């Protein structure tokens, strides 16, 4: 049997054909990538909608519990309640899920469907931003609370360490743990 070598001659036409096929493949890949990005955005929108629904449910649950229950919390008697209070001033913006008032104190309750330890810095910042955004309360004691449908032990301990009240659902009841509560 003879050894036969086959050589393909490279011509400008063959190079252009290869480049054309490569360009066509890149265009198809780009189109598929755009379809994938669109599908991912739709999925993010759906998941975000679910998360917002859970958050709205938790806010309504805790707001109704405060509004319909006794008004004595954190050793204080609060006579006014407001939800979703927000303000913007001099580049500072914040929203307060539940705010309880009396003539000397304010309680700011941050509500999460499922709270995490990384929510604590945001809760602590609420006292500072509230004093800036609502200067008529600058001399009031400010109490902070984190309300959630579920807590885990490390989160509860960190709230206690930081002086933040723990407000959670236990069965059909809202339980408040204000151990080591600080006035900010």
Taking a ≥ b ≥ c as the square roots of the eigenvalues of the Cα gyration tensor of region 68-138, is the shape rounded (a/c under 1.5), prolate (a/b larger than b/c) or oblate? oblate
Any idea what the relative contact order of region 7-184 is, in percent, if you count C-alpha pairs under 8 Å spaced at least 6 apart? 15
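Label region 116-174 by shape, choosing from rounded, prolate and oblate, from the square roots a ≥ b ≥ c of the eigenvalues of the Cα gyration tensor; if a/c is under 1.5 it is rounded, and otherwise prolate applies when a/b is larger than b/c, oblate when it is not.
On the way: a/c = 2.70, a/b = 1.86, b/c = 1.45.
Since a/c reaches 1.5 and a/b is larger than b/c, the shape of region 116-174 is classed as prolate.
What number, in percent, do you get for the relative contact order of region 61-121 if the mean sequence gap of Cα pairs under 8 Å and at least 6 apart is divided by its residue count? Don't skip to the end; give the middle numbers.
Numbers: 66 pairs, mean separation 14.3, N = 61.
In percent, rounded to a whole number, it is 24.
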Checking the a/c ratio against 1.5 first, then a/b against b/c, what shape does the Cα gyration tensor give for region 7-184? prolate
For region 99-184, what is the percent of antiparallel DSSP beta bridges, rounded to the nearest 5? 40
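No lab work stands behind these numbers, since they all come straight from the coordinates. Model, not experiment: these values are computed from the prediction.
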